[in-house]
1. Filtering the stretch 285-321 down to residues that are assigned to a loop (DSSP other than H, G, I, E, B) and modelled with pLDDT under 95, which residue is surrounded by the most Cβ atoms within 10 Å (Cβ to Cβ)?
2. I'd like the residue in the stretch 170-204 that is aromatic (Phe, Trp, Tyr) and crowded, with 20+ Cβ neighbours inside 10 Å and, out of all such residues, is nearest to residue 239 (Cα to Cα).
3. Residues that are within 27 Å of residue 94 (Cα to Cα) and surrounded by fewer than 14 Cβ atoms within 10 Å (Cβ to Cβ): does the stretch 146-167 have at least one?
4. With the requirement that a residue be assigned to a helix (DSSP H, G or I) and in contact (Cβ under 8 Å) with a residue 60 or more places away in the chain, what does the stretch 70-80 give you?
5. So how many residues does the stretch 241-262 have that are among the charged types (D, E, K, R) and at pLDDT below 95?
6. Specify the residue that is surrounded by the most Cβ atoms within 10 Å (Cβ to Cβ); the eligible residues are those in the stretch 253-284 that are basic (Lys, Arg) and within 18 Å of residue 238 (Cβ to Cβ).
7. Restricting to the stretch 95-151, what's the tally of residues that are of a type in the set (A, V, I, L, M, F, W, C), part of a loop (DSSP other than H, G, I, E, B) and closer than 22 Å to residue 82 by Cβ?
8. In the list 6, 14, which residue meets the criterion of being buried (at least 18 other Cβ atoms within 10 Å of the Cβ) and closer than 22 Å to residue 287 by Cα?
Amino acid sequence: MYWPKSIGSPVLDSVRYAVESSRDVHAHYEKIVEVASWMAYEELPMPEFALPFGVGQGDANEAIDFIMVANSIDTAFTDFARHEKFQVDYLGQHWSDSEAEFACIKRAVDNGVPFLDGNYLAKVTRPELNKVFQGNIEMPMLDEKLEVLHQVGKVLVDKYSGRFHNFIRSCSPKLYDNGNGLIDCMVTKFPRFNDVSMLEGHEIKIYKLAQLGVWMLYATLHKSGKFHLDDPQKMTAFADYIVPVALRLHGMTSYSEKLEKAIDAHQIIPRDSRWEIEIRANCIYVTAVLTEEINKLRPPDQQVIIPQIDARFWTHFHTTTWPHHLTPTIMY
């Protein structure tokens, strides 16, 4: 099996065992090369994310707090029983999935709810949280999100004066830096970000939300110089429910008949099961190989990094009706 060159990511390094021992998810190198042959000529811009609703305009600390609080519960927006997505109407627009979550948080802050303050998060009640996330359905996994906010809020209060921007400013401006990098610290200081699975004695690091949070900070604030990151090229894909669907529909991965039928039947795929690990590990692997193949075809001044490819797939497929694997988890 072809393995991409190291990008200095412990995530990509750690998924190798899961990929090479996969039984039900298979990556297809020839198809990856084929997709790269045309995707290399798309624009594939470096995302410059503007927080919706004017959040953080002129105030980098508010932007950091908003992104990181939202990111801590940026998980599972589909009702696992009814297969219905969480949606909300706000400021004359219709929002779905994580964008609906952002809208609800902004609505709460506008109404005077101190949702970005760890003191509030550490003690918020279920009825209060349910009111914040009033939408078309009850926010999926509301109880799990409540527990996450209690845990995150307590850490913020105990160590960072209640605010995520104090935590971010305390870290090295690198993803990985001998335990002091942004990802290093997120997965140790906040257990909810320690997105790791064990497969036959091998530790498989995924770090979806930890990486996504830093990427959103970078995409929002780096152009203004208000957030600096030395090594964005060490990021992998943010292995979730959606990007694996895009890879499968492009033929870069395929599933066994048994796994295919389970997903099509909306069968729950348990967290830390071999199926779930294989789906996410192969997502990280395939996007890494695809990025490498794309860069072989692009000029030196138009090289891309993996999150740009992740964004290309997520933006095209996040509202798809094609069935994705269903895993109730706080990790993505």
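1. Our first condition is that a residue be assigned to a loop (DSSP other than H, G, I, E, B); within the stretch 285-321, this holds for 298-299, 303-305, 318-321.
Then drop every residue that is not modelled with pLDDT under 95, which leaves 318-321.
Numbers: 318: 19, 319: 10, 320: 12, 321: 5.
For the stretch 285-321, the residue satisfying everything is 318.
2. Keep residues of the stretch 170-204 that are aromatic (Phe, Trp, Tyr), which gives 176, 190, 193.
Those still in the list that are crowded, with 20+ Cβ neighbours inside 10 Å too: 190, 193.
Details: 190: 19, 193: 13 Å.
Checked the stretch 170-204; the qualifying residue nearest to residue 239 (Cα to Cα) is 193.
3. Step one: filter the stretch 146-167 for residues within 27 Å of residue 94 (Cα to Cα), giving 146, 148-149.
Pick out the ones that are also surrounded by fewer than 14 Cβ atoms within 10 Å (Cβ to Cβ) and you get none.
Within the stretch 146-167, not a single residue is within 27 Å of residue 94 (Cα to Cα) and surrounded by fewer than 14 Cβ atoms within 10 Å (Cβ to Cβ).
4. Across the stretch 70-80, the qualifying residues are 71, 72.
5. First pass over the stretch 241-262, keeping only residues among the charged types (D, E, K, R): 248, 257-258, 260-261.
Keeping just the survivors that are at pLDDT below 95 gives none.
Count: 0.
6. The residue in question is 280.
7. Step one: of the stretch 95-151, the residues of a type in the set (A, V, I, L, M, F, W, C) are 95, 100, 102-105, 108-109, 113, 115-116, 121-122, 124, 129, 132-133, 137, 139, 141-142, 146, 148-149.
From the residues that got through so far, the ones that are part of a loop (DSSP other than H, G, I, E, B) too are 113, 115-116, 122, 124, 133, 137, 139, 141.
From the residues that got through so far, the ones that are closer than 22 Å to residue 82 by Cβ too are 133, 137, 139, 141.
Within the stretch 95-151, residues that are of a type in the set (A, V, I, L, M, F, W, C), part of a loop (DSSP other than H, G, I, E, B) and closer than 22 Å to residue 82 by Cβ number 4.
8. Sole residue among the options that is buried (at least 18 other Cβ atoms within 10 Å of the Cβ) and closer than 22 Å to residue 287 by Cα: 14.
The values are calculated or read from the model by the stated rules, or taken from the named source; none is laboratory data. Worth saying up front: this structure is predicted, and the values here are computed from it rather than measured. Note that each Cβ is placed from the backbone with ideal geometry, even for glycine, and that neighbours are counted across all protein chains shown.
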